[in-house]
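Notes for the one structure printed next.
The values are calculated or read from the model by the stated rules, or taken from the named source; none is laboratory data. All of these numbers come straight from a predicted model, not from anything done at the bench. A quick note on method: Cβ atoms are made from the backbone with ideal geometry, for glycine too, and the neighbour counts reach across all protein chains shown.
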Amino acid sequence: MNLRIHCSRVGSIALLFLLLAGAEADARVAKVAADPIPDALWAYMQGRSWRAELRCPGRDELVLLRVPYRDFDGASQTGSLIVARSVAKAVATAFQDIYDSGKFRIYRMSLIDEFGGDDARSMAANNTSAFNCRTTDRGAMSRHAYGMAVDINPVQNPYREGNLTEPEAGRAYDEPSKRRRDIVGIIVDGDVVTRAFARQGWRWGGHWKRSVDYQHFSNDGH
Ligand SMILES: [Zn+2]
């Protein structure tokens with residue numbers, strides 16, 4: 001809907017009402033929101049994304065973002081991400097820029113707790129996620145463990161190391177010759193996604209040399 005055409009003769013108060021009433025449906029006014037972790041969610045996270053046996057961040061160090069995105073059908077959706085409070089503004093701004101561009105689609109954005117905190121299951125479901133207090137394959141704390149990394153559309157943007165590609169469905173997109181810019185949900189150098197995170201000083205796993213992690217953005221490049 002073009003508001004200027006439809007609303008040119010209504011007063012400013014009526015226009016404001018229209019904007020507010022249409023806030024959920026109108027893509028242009030959807031904004032990222034950040035909130036403390038609610039009690040019920042914190043309880044749900046225990047033993048899923050938050051693990052007592054690891055040195056995970058405290059509840060006050062994390063925030064829940066409600067993130068507008070366009071799904072693979074182009075419909076506006078609101079997803080959930082948990083990130084570190086210290087990077088919440090950077091992540092929120094990056095996803096706001098991506099949404100406002102209207103040029104990128106995200107398959108799904110549910111908390112990884114809905115997959116039992118299991119990264120493999122979340123990736124297989126092509127889920128976009130952030131906080132997960134876990135170690136890497138090498139046993140080090142992942143940047144996700146601190147809420148300082150984001151994975152986007154893991155199927156179109158898989159992790160690749162030697163013969164290993166995760167998730168399995170990502171094999172269709174796991175080397176440069178397969179990564180055509182016109183594939184829905186794919187992240188390529190210089191697109192709206194890499195530029196949005198670069199503006200926040202975040203770095204992309206698609207630039208890694210030994211292994212490559214096309215889905216991964218982090219504040220420190222790890
Ligand atoms: Zn990652």
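Name the residues in the stretch 197-222 that are in a loop (DSSP other than H, G, I, E, B), touching a residue at least 12 places away in the same chain (Cβ under 8 Å), more than 15 Å from the ligand (Cβ to nearest atom) and of a type outside the set (S, T, N, Q), would you?
Passing the criteria: 201, 210.
Determine which single condition residue 27 fails, assuming it passes every other condition in (1) surrounded by fewer than 18 Cβ atoms within 10 Å (Cβ to Cβ); (2) touching a strand residue (DSSP E or B) at 6+ places or on another chain (Cβ under 6 Å); (3) at pLDDT 95 or above; (4) more than 30 Å from residue 139 (Cβ to Cβ).
Single failed check for residue 27: (3).
Part of a helix (DSSP H, G or I), more than 22 Å from residue 52 (Cβ to Cβ), away from the ligand (no atom under 13 Å from the Cβ) and in contact with a Phe, Trp or Tyr (Cβ under 9 Å, 6 or more places away or on another chain): is that true of residue 194 in this structure?
yes
Restricting to the stretch 105-128, what's the tally of residues that are surrounded by fewer than 21 Cβ atoms within 10 Å (Cβ to Cβ) and of a type outside the set (D, E, K, R)?
Qualifying residue count for the region: 7.
If you check residue 183 against the conditions, is it within 13 Å of the ligand (Cβ to nearest atom) and closer than 18 Å to residue 107 by Cβ?
no
Among all residue pairs at least 6 apart or on different chains, which show Cβ distances below 8 Å where the first residue, located in the stretch 135-153, is within 9 Å of the ligand (Cβ to nearest atom) and the second is among the acidic types (Asp, Glu) and assigned to a loop (DSSP other than H, G, I, E, B)?
Hits for this filter: 143/220.
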